[in-house]
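Contents: one structure, followed by commentary.
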Amino acid sequence: QVSLKDRVAELIPAEIENVKATRAEHGKKTFGPVLVDQLYGGMRGMPALIWDGSVLDAEEGIRFRGKTIPECQELLPKAPGGSEPLPEALFWLLLTGEAPTQEQVTALSRDWAARAAIPEFVEELLDRCPPTLHPMSQFSLAVTALNHDSAFAKAYAEGIPKKEYWKPVFEDCMDLIAKLPNIAGRIYRNVYGQGKLPTIDLERDYSWNLSTLLGFGDNANFVELMRLYLTIHSDHEGGNVSAHTGKLVGSALSDPFLAFGASLNGLAGPLHGLANQEVLLWLRKMQSKIGENASDEAVREYVWSTLQGGQVVPGYGHAVLRKTDPRYTAQREFALKHLPNDPLFKLVGQVYQIVPDILLAAGKAKNPWPNVDAHSGVLLTHYGLTQMQFYTVLFGVSRAFGVAAQLIWDRALGAPLERPKSYSTAAIQKMFKDK
Ligand code: NMX
Ligand code: MLT
């Protein structure tokens, strides 16, 4: 099948049976007790969601449909002359569990390019945003406004039966992903005064078009970076704030634009996706305080002063991971290949040698190792994309892939409205009074 939608349609009946059989066999089994601490503690470790695109292992990191990042880099189709996977291929993998052929990926690139235009009123909406409005707020506004043309919202209003929901949701998800480069490019050019947007090239891949809209399409290494960046940021199982929010909002049958707009608002928080902006800010502040080429001792002191000031070290720690994030490693390898002598990359490497020991000595963080955000900004900066406030927008473009894939499956499998039980402290005290 060259058409992704046709392939998904073929997979759905078997997956419905698979879920039925899994529930029949395991539906009444338990994962163990839920501790009161977990209710107060951000639900860490509490099994709560089904998420098919990827699963995270605390020691190993993410696997997309069972494949590690290096396996995806090996297996998935690439652009001619390129060595990083095409994110189109990763989306196919997330959605179907299968590695696509080159032909399937090319068809997907063309499909997305053909859907890329955004409505004029959304262009105007962005053009009227003050440049002081954070790029993530502009991004979320524009994505939410795309709901104007939602195929699902229209079909629902016309009474589409439940088993058909996934079809217009699929169309919305394809439109959503396809339109993100034009939204991101417009925000970038509006906010940073980079001139008029070029048009999408219908023959080129998604990352080339995104890079070109941002003004970096003539740098083949930047385009390769985008391919890697979009691939590795796409999905991180279901419990992270952006993924879970998208799934939650989608469960109310809000269309994919509304659901993903909500995801973006979560991604915009400094403990989540905004950390990539915060890392660069922090590194720059460090450089202005202790100078470039600072000694290990000076870096150490700076890290301690961050902690003593009651702040977190951005880019370090993780709610689930307990080792260096393989997405950090993939970016480090890219840097070693393409920019080994970049001074900021050297600082990132120096920080990597120093921060974990300090976080361990400080004794609070459960994971002292770097996450994805500790590395992405330095790569973008190297190629001249220096506007840190824009970084989380690129994370958001990528995260749409993972959220969209799950929204399609949720509607195909008839996932219900999410509605967990909450308790007040008084209710907890009463419940466990004499226990
Ligand atoms: N620097 C300083 N303190 C930290 C750090 C850090 N990097 N990481 C965790 N801690 C503290 C944390 O604030 C908490 O303190 P307190 O008890 O005073 O509230 C304590 O260590 C225990 O936290 P953990 O259980 O290790 O981490 P948790 O699961 O609560 O939070 C993060 C995970 C990612 C929010 C946290 O590690 C953090 O704030 N990191 C820095 C921000 C960051 O890089 N976020 C990006 C994550 C990846 N992403 O893209 O979403
Ligand atoms: C993510 O990619 O969503 C982050 O690493 C946060 C998480 O997984 O909780």
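Roughly speaking, what is the stretch gain from Lys196 to Val36, that is 0.36 nm per residue apart minus the C-alpha to C-alpha distance, in nm to one decimal?
Numbers: separation 160, 0.36 × 160 = 57.60 nm, distance 5.46 nm.
Value of the extension gain: 52.1 nm.
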- Query: If the cut-off is a Cα-Cα distance under 18 Å, which aspartates and glutamates reach Lys421, setting aside same-chain residues fewer than 8 apart in sequence?
  - Reply: Asp37
- Item | Stretchable slack from Asp149 to Glu15, in nm (0.36 nm times residue separation minus alpha-carbon distance) | 45.3 nm
- Pop out the ³J(HN,Hα) list for region 229-237 in order, Karplus 6.51 cos²θ - 1.76 cosθ + 1.60 with θ = phi - 60°, rounded to Hz; leave Gly and Pro as x. 4, 5, 5, 7, 8, 5, 8, 8, 6
- Measure out, as a whole number of angstrom, how far apart the alpha-carbon centroids of region 29-53 and region 284-325 sit. 31 Å
- Task: Find which of Ala117, Val249, Ala145 sits farthest along the positive direction of the dipole of the chain, computed with +1 on the beta-carbon of Lys and Arg, -1 on that of Asp and Glu, about the Cα centre.
- Result: Val249
- Task: Which order do the peptides 399-406, 53-60 take when ranked by the mean count of other beta-carbon atoms within 10 Å per residue, highest first?
- Result: 399-406, 53-60
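Please list 384-397, 300-313 highest first by mean number of surrounding beta-carbon atoms within 10 Å per residue. Working shown, then result.
Working: 384-397: 21.7, 300-313: 14.9.
Descending mean neighbour count gives 384-397, 300-313.
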- Query: How large is ³J(HN,Hα), in whole Hz, for each residue of region 345-359 in order, when computed from phi with the Karplus curve 6.51 cos²θ - 1.76 cosθ + 1.60 and θ = phi - 60°, using x for Gly and Pro?
  - Reply: 4, 5, 5, 4, x, 5, 4, 4, 6, 9, 4, x, 4, 5, 5
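Under a Cβ-only charge scheme (Lys and Arg +1, Asp and Glu -1), can you give me the dipole magnitude of region 75-188 about the Cα centre, in debye to the nearest 20?
Values: 10 positive and 15 negative charges, 32 e Å.
With Lys and Arg at +1 and Asp and Glu at -1, about 160 debye.
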- The set of residues whose placed amide H lies less than 5 Å from the amide H of Tyr316, leaving out same-chain residues fewer than 5 positions away, is Asn371
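Under a Cβ-Cβ cut-off of 12 Å, what is the net charge of the residues other than Leu228 that fall near it, where Lys and Arg count +1 and Asp and Glu count -1? Walk me through the intermediate numbers first.
Numbers: positive: Lys78, Arg227, Arg327, Arg332, Lys337; negative: Glu84, Glu224, Glu333.
Summing Lys and Arg as +1 and Asp and Glu as -1 gives +2.
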- Message: In Å and on Cα atoms, what radius of gyration and Dmax does the chain show?
- Response: 22.0, 70
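Over all directions, what mean area does the Cα convex hull of region 185-246 project, stated in square nanometres?
Details: hull surface 21.8 nm².
Convex hull of Cα atoms, orientation-averaged projection: 5.4 nm².
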- Message: Report the per residue volume, in Å³, of the convex hull enclosing the C-alpha atoms of region 275-382.
- Response: 90 Å³
- For region 154-297, treating each Cα as an identical point scatterer without solvent, what Debye log10 I(q)/I(0) comes out at q = 0.11, 0.12, 0.14, 0.18 1/Å? -0.59, -0.69, -0.90, -1.23
- Task: Might you report the magnitude of the Cβ-based charge dipole of the chain about its Cα centre, with Lys and Arg at +1 and Asp and Glu at -1, to the nearest 20 debye?
- Result: 1280 debye
- Query: Using unit Cβ charges (K, R positive; D, E negative) and no other charged atoms, how large, in debye to the nearest 20, is the dipole of region 275-382 about its Cα centre?
  - Reply: 240 debye
- Query: Stretched out fully, how many nm does the piece from Arg44 to Val2 gain, at 0.36 nm a residue minus the Cα gap?
  - Reply: 11.1 nm
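Readers should treat all values here as calculations from the given coordinates under stated rules, not as data from a laboratory. Only a predicted model underlies this, so the values are computations on that prediction, with no experimental measurement involved. Note: ideal-geometry Cβ built from the backbone for every residue, glycine included; neighbour counts use all protein chains shown.
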